[in-house]
Amino acid sequence: MSFFGFGQSAEIDIVLNDAETRKKAEHKSEDGRKDKYFLFYDGETVSGKVNVTLKYPGKRLEHNGIKIEFIGQIELYYDRGNHHEFVSLVKDLARPGELTQSQTFDFEFTHVEKPYESYTGQNVKLRYFLRATVSRRLNDISKELDIVVHTLSTYPDINSSIKMEVGIEDCLHIEFEYNKSKYHLKDVIVGKIYFLLVRIKIKHMEIDIIKRETTGTGPNVYHENDTMAKYEIMDGAPVRGESIPIRLFLAGYEMTPTMRDINKKFSVRYYLNLVLIDEEERRYFKQQEITLWRKGDIVRKSMSHQAVIAAQRFEGSSNPERTLTEEDDDS
């Protein structure tokens, strides 16, 4: 940490003021491991303390300033050298000088805008973190603390049903209908499939939920499709006039809200994919995009003014007497 290992050094620790009471959320890392992080929403204040602990008491530590940053950034895996920052806030904690003993510094980032949901995908990562730095002439001492951000929405004003047809002339005619086109992450997809004409022998039928991650622009566009859920509708041959009900519960699957053109860097979209397989192993597909959103409970204003500011940023929330909080997992 110091030149040739001699001289004074320090350890940095970042502690949030509400660490004991703030809710945590699971989030997947690049290697697929799930960890729990402190959960924040758009508009909430981020505050705490930076503890700088000297390794050798009694020795002074010269520095060129101490600061803390709140950063929101997007990292495209094919362009790892470039981090695209969409939020970058800095607080200076100490001017250049020296520390003669361990010291604690308070910080507060008020009503921080956090416009996007935290996301780790196949080709892209969107993360928020605090970074405390003791600047030094040869090598800085720094520490990062990641947080997770969830974006909440109110119920969509327009939520029309989906009606589609699958047909092969004179062989097959199927209609399928879903109760709506926009679903919250713990919703139930309810639908029906009608067999109007069946002249080919279908042996298997299922509905898949496909996540499509799109990154990059122009010639450097990458698409990654991932099957998030499979629901077997039938296993065997249907007959004309038959109708089959569908009930697909989303709560058991790890999905994010739909993310469209995030900072002009990436999108995450979801599709219902109807798959039919006949006895000759031919596959027939029909795909329809759906919108997923994270549900917020509407509650009376009982917290701080910052939550109201946050609520007013959410879609459809303009009443200053209401704020949004996320539903509990067991709701």
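The values are calculated or read from the model by the stated rules, or taken from the named source; none is laboratory data. Worth saying up front: this structure is predicted, and the values here are computed from it rather than measured. All Cβ positions, even for glycine, are placed from backbone atoms using ideal geometry, and neighbour counts span all protein chains on display. These accessible areas exclude ligands, DNA and RNA; they are computed on the full protein's heavy atoms, side chains included. Shrake-Rupley method; radii C 1.70, N 1.55, O 1.52, S 1.80 Å.
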Which residues, counting only those in the stretch 218-235, are part of a loop (DSSP other than H, G, I, E, B) and either of a type in the set (A, V, I, L, M) or in contact with a Lys or Arg (Cβ under 7 Å, 6 or more places away or on another chain) (or both)?
Val221
Cβ-Cβ below 7 Å, separation at least six or inter-chain, first residue in the stretch 266-284 and assigned to a loop (DSSP other than H, G, I, E, B), second among the basic types (Lys, Arg): which pairs?
Glu279/Lys201; Glu279/Lys203
Show the residue pairs meeting these rules: Cβ distance below 6 Å; 6+ apart or different chains; first residue within the stretch 83-109 and closer than 17 Å to Lys55 by Cα; second residue open to solvent by 90 Å² or more (accessible area, probe 1.4 Å) and outside any strand (DSSP E or B).
Glu98/Arg60; Thr100/Arg60
Kindly indicate the residue of the stretch 58-82 that is modelled with pLDDT of 95 or more and within 21 Å of the chain's Cα centre (by Cα) and also surrounded by the most Cβ atoms within 10 Å (Cβ to Cβ) among those meeting that condition.
Gly72
Please go through the stretch 14-26 and give me each residue that is open to solvent by 40 Å² or more (accessible area, probe 1.4 Å) and in a strand (DSSP E or B), ordered by number.
Val15, Lys24, Glu26
Check off (1) under 23 Å from Lys114 (Cβ atoms); (2) among the acidic types (Asp, Glu); (3) more than 18 Å from the chain's Cα centre (by Cα) for Glu85 and give me the number that stays unchecked.
(3)
Are any of the residues in the stretch 34-57 buried (at least 17 other Cβ atoms within 10 Å of the Cβ), of a type in the set (Phe, Trp, Tyr), closer than 17 Å to Ser135 by Cα and touching a residue at least 12 places away in the same chain (Cβ under 8 Å)?
no
Residue pairs qualifying under the 7 Å Cβ cut-off, at least six apart or on distinct chains, with the first in the stretch 169-181 being touching a residue at least 40 places away in the same chain (Cβ under 8 Å) and closer than 17 Å to Arg283 by Cα and the second being open to solvent by 20 Å² or more (accessible area, probe 1.4 Å) and outside any strand (DSSP E or B), are Leu172/Arg199; Leu172/Ile200
Regarding the stretch 214-236, can at least one residue be identified that is touching a His at 6+ places or on another chain (Cβ under 6 Å), hydroxyl-bearing (Ser, Thr, Tyr) and either closer than 27 Å to Phe40 by Cβ or modelled with pLDDT of 85 or more (or both)?
yes
Residue hits (the stretch 12-46; within 19 Å of Ser118 (Cα to Cα) and among the polar types (S, T, N, Q)) are Ser29, Thr45
Val52 passes all but one of the listed conditions (1) of a type in the set (A, V, I, L, M, F, W, C); (2) closer than 27 Å to Glu254 by Cβ; (3) in a strand (DSSP E or B); the exception is number (2)
May I ask you to verify whether Thr256 is open to solvent by 20 Å² or more (accessible area, probe 1.4 Å), more than 30 Å from Cys171 (Cα to Cα) and at pLDDT 90 or above?
yes
Check whether at least one residue in the stretch 166-187 is open to solvent by 30 Å² or more (accessible area, probe 1.4 Å), of a type in the set (Gly, Ala, Ser) and not in a loop (DSSP other than H, G, I, E, B), and report yes or no.
yes
His150 versus (1) under 29 Å from Phe40 (Cβ atoms); (2) touching a residue at least 24 places away in the same chain (Cβ under 8 Å); (3) open to solvent by 30 Å² or more (accessible area, probe 1.4 Å): which is the lone unmet condition?
(3)
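Take the stretch 105-124 and flag every residue that is assigned to a strand (DSSP E or B), in contact with a Phe, Trp or Tyr (Cβ under 7 Å, 6 or more places away or on another chain) and crowded, with 20+ Cβ neighbours inside 10 Å. Walk me through how you get there before you give the answer.
Our first condition is that a residue be assigned to a strand (DSSP E or B); within the stretch 105-124, this holds for 105-109, 119-120, 124.
From the residues that got through so far, the ones that are in contact with a Phe, Trp or Tyr (Cβ under 7 Å, 6 or more places away or on another chain) too are 109, 124.
The answer is Val124, and nothing else.
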